[in-house]
1. Using alpha-carbon pairs under 8 Å, 6+ residues apart, how would you state the relative contact order of the chain in percent?
2. Give me the one-decimal nm value for the distance between modelled label points at Val30 and Leu142, 7 Å along each residue's Cα-to-Cβ direction.
3. How far, in nm, would the chain grow between Glu18 and Arg4 when pulled straight, counting 0.36 nm per residue and subtracting the alpha carbon separation?
4. Might you tell me the accessible area per residue for segment 94-153, computed with a 1.4 Å probe and given in Å²?
5. Counting only other residues whose beta carbon sits under 13 Å from that of Gly162, what net charge do I get with K and R as +1, D and E as -1?
6. Work out how much length Leu151 to Lys170 would gain on full extension: take 0.36 nm times their residue separation and subtract the Cα-Cα distance, in nm to one decimal.
7. Please list, by residue number, every one of the GluC sites (Glu not before Pro) in segment 57-138 that is coil in DSSP and has at most 11 other beta-carbon atoms within 10 Å.
8. In Å and on Cα atoms, what radius of gyration and Dmax does the chain show?
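The values are calculated or read from the model by the stated rules, or taken from the named source; none is laboratory data. From a predicted model like this one, the values you see are computed outputs, not experimental measurements. Glycine gets a Cβ as well: all are built from the backbone with ideal geometry, and neighbour counts include every protein chain shown. The protein model used for the area step is the full one, side chains on, heavy atoms only, and it has no ligands, DNA or RNA in it. Shrake-Rupley method; radii C 1.70, N 1.55, O 1.52, S 1.80 Å.
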Amino acid sequence: MLYRFGSIGRIAQASDNELRQSASHGEGWVEALLMIRRLVHDGVREELVRTRLGEDRSALLSYLLMTMKNLPEERMIAIFADANSYVIAEEVIAEGGESHILITPRRVLGRAMKLDARRITLAHNHPSGCAEPSSLDVEHTLVLCRQARELGMMIEDHLIIGQSNVVSMKDRGLL
């Protein structure tokens, strides 16, 4: 598996189908690996969902790095919270190619309205491994922040996940 995928991180990020295809003769260990991976993911996600948004930053950053740093394509998630900052849901909002995602405010804010969310944290990965926000990342986030405010919502932060770190647009003063 290391030869095929190149690293343990890429094995962890491989799709269920890719892992099943890597096993010859229907080896049972693949299903056990998939189950263990799902349990670890759910355990880390559970820590995130049981807290107020932003309350346990280290759990959030660990979760994002674990689930997104080795993805071969860009993916954006939104973490929706109520007015008291309790997490309602965490959902994939968009997926794209190696260097871009097509995201519309309607998709993010429409989903937030359906959930009656008031606070949103966005996160997306850069498959290049560099966590620096691009000028388009900043521009699109600022537009989304303005539109969210008009609807009585707040974009708390936009986090960019690289290979080994997470950059907060809020911490950088970009929001």
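1. So the answer I get is 18 percent.
2. Distance between the two pseudo-spin positions: 4.8 nm.
3. 4.0 nm
4. On the way: 3510 Å² over 60 residues.
Per residue, segment 94-153 has an accessible area of 58 Å².
5. Details: positive: Lys69; negative: Glu74, Glu132, Asp137.
Spelling it out: positives minus negatives among the neighbours equals -2.
6. 4.8 nm
7. Glu98
8. 17.0, 57
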